[in-house]
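Since the structure comes first, as structure tokens, the remarks are kept for the end.
The values are calculated or read from the model by the stated rules, or taken from the named source; none is laboratory data. Predicted, not measured: the structure shown is a model, and the values here were computed from it. With ideal geometry, Cβ positions are generated from the backbone for all residues, glycine too; neighbour counts draw on all protein chains shown.
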Amino acid sequence: MPYPADAPVAEPILAVHDLRTLFPVAQPGLWHTLRRKTTGYVRAVDGVSFELMPKEALAIVGESGCGKSTLALTLLGLERPTSGSIRFAGHELSRADGKLLKAARRQMQMVFQDPYESLNPLMHVGEIVGEPLLVHGLARDPAERSARVRSALEAAGLRPVDTYINRLPHELSGGQRQRVAVAAALVLEPKVLLADEPVSMLDVSIRAEILNLLAELKQERGISILFITHDLGTVAAVADRIAVMYLGRIVEIGSVQQVLRYPQHPYTKALLSVVPVPNPRLRRQRIVLQGETPDPTRLPPGCRFAPRCPLAQTACREVDPQLRPPADDQGTAHQAACILV
């Protein structure tokens, strides 16, 4: 993300370097499974590097199965990384023990995709939002805990609070449930919010409200947001930068304006070509990718997008490209992993 030359550049709140999360694949059969004899690895996250600055929103975009959610779970320690570095607020989390991970999770909260599954159906809204305080040993005084719960519900847009605080999840709409999930994250006053597909389960009419809520939290509370989505049409409402993932790797990264207006990677161009736009004159020619995503346990040589790329050349099946800036724009943070850049 570019900064003015005379402005001090802040340290990243989250810095990820060469992160890998691999899952072993056992041979078929119970005997091999018990012996844990592996035939390969699923490269869910395979060499991901990025930085998240304070008060910044970074969108991680890609198709289902590209490794977006596994990346978020790895950052929280819910999946153990195979290798690489995760530095959060100056602390290394990739090899952290339970005590340090718990302290980090207090400052780095997650909003899951499905509000119908992420909320306890037997607990009232006030209990759901207040539970993180009990888990982390905060606000032991009932009056203080109640005040923080009510403040979090207010911040999540559930007003008046008395209308919602004693309801059960099944008495709420999908959008209201997602706001409860956001409130449960906000009650700990985190520095980073990991939003994993927070609007994909909601009606179209409700999505804009949740996106506006995330944008307000970034502006008013200074929360950094990692916004995970498969829909490039929603990122401009929240994000400052975009990182496009394909088969476990970031293949393009840059500011929202750079990536949406001047996409460099063929995969990014294909994703943008199918985003609906209201003005027919501004529509791009649709790029329909052929074939299926390669097996993540047997990745093709060279560029892993080459088997589906409409612009693939012979060299694409031999060279594994790394992120680099466009040849005519070396001075920006816009980068793409393609030999045709």
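Having 3 or more residues that are over 21 Å from Gly130 (Cβ atoms) and at pLDDT below 90 is the bar; report the helices (runs of 4 or more DSSP H) wholly within segment 141-236 that clear it.
Details: elements: 142-155, 174-186, 204-221.
Because the criterion is at least 3 residues that are over 21 Å from Gly130 (Cβ atoms) and at pLDDT below 90, the helices (runs of 4 or more DSSP H) in segment 141-236 that meet it are 204-221.
Checking each residue in segment 261-291 for being part of a helix (DSSP H, G or I) and either within 24 Å of Val45 (Cα to Cα) or in contact with a Lys or Arg (Cβ under 7 Å, 6 or more places away or on another chain) (or both) picks out Pro266, Tyr267, Thr268, Lys269, Ala270, Leu271, Leu272, Ser273.
Please indicate, with yes or no, whether at least one residue in segment 285-293 is touching a residue at least 24 places away in the same chain (Cβ under 8 Å), surrounded by fewer than 15 Cβ atoms within 10 Å (Cβ to Cβ) and basic (Lys, Arg).
Restricting attention to segment 285-293, the residues satisfying the condition of being touching a residue at least 24 places away in the same chain (Cβ under 8 Å) are 293.
Checking which are surrounded by fewer than 15 Cβ atoms within 10 Å (Cβ to Cβ) leaves us with none.
Looking for residues that are touching a residue at least 24 places away in the same chain (Cβ under 8 Å), surrounded by fewer than 15 Cβ atoms within 10 Å (Cβ to Cβ) and basic (Lys, Arg), one finds none in segment 285-293, hence no.
Quick check on segment 296-317. Is at least one of its residues touching a residue at least 60 places away in the same chain (Cβ under 8 Å) and closer than 13 Å to Leu340 by Cβ? Looking for residues that are touching a residue at least 60 places away in the same chain (Cβ under 8 Å) and closer than 13 Å to Leu340 by Cβ, one finds none in segment 296-317, hence no. When Ala315, Ala236, Ala243 are checked against the criterion of being within 15 Å of the chain's Cα centre (by Cα) and more than 24 Å from Thr70 (Cβ to Cβ), Ala236 stands alone in meeting it.
A quick yes/no check of all residues on (1) of a type in the set (A, V, I, L, M); (2) at pLDDT 90 or above; (3) over 21 Å from Ala337 (Cα atoms); (4) buried (at least 18 other Cβ atoms within 10 Å of the Cβ):
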{"site": "Trp31", "(1), (2), (3), (4)": "no, no, yes, no"}
{"site": "Thr38", "(1), (2), (3), (4)": "no, no, yes, no"}
{"site": "Val48", "(1), (2), (3), (4)": "yes, yes, no, yes"}
{"site": "Met53", "(1), (2), (3), (4)": "yes, yes, yes, yes"}
{"site": "Ala57", "(1), (2), (3), (4)": "yes, yes, yes, yes"}
{"site": "Gly65", "(1), (2), (3), (4)": "no, no, no, no"}
{"site": "Lys68", "(1), (2), (3), (4)": "no, yes, no, yes"}
{"site": "Leu71", "(1), (2), (3), (4)": "yes, yes, no, yes"}
{"site": "Leu75", "(1), (2), (3), (4)": "yes, yes, yes, yes"}
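Condition check: modelled with pLDDT under 95 and over 25 Å from Val238 (Cα atoms). Does Gln113 satisfy that? In short, no.
All of Arg43, Arg105 fail the test of being among the basic types (Lys, Arg), crowded, with 18+ Cβ neighbours inside 10 Å and farther than 30 Å from Asp295 by Cα, apart from Arg105.
Candidates Arg80, Arg95, Arg150, Arg106: the one that is more than 22 Å from the chain's Cα centre (by Cα) and of a type outside the set (A, V, I, L, M, F, W, C) is Arg150. Every condition in (1) closer than 18 Å to Ser118 by Cβ; (2) surrounded by fewer than 16 Cβ atoms within 10 Å (Cβ to Cβ); (3) among the hydroxyl-bearing types (Ser, Thr, Tyr) holds for Thr163 except the one numbered (1).
Taking (1) touching a helix residue (DSSP H, G or I) at 6+ places or on another chain (Cβ under 7 Å); (2) hydroxyl-bearing (Ser, Thr, Tyr); (3) more than 19 Å from Phe227 (Cβ to Cβ) in turn, Thr268 satisfies each apart from (3).
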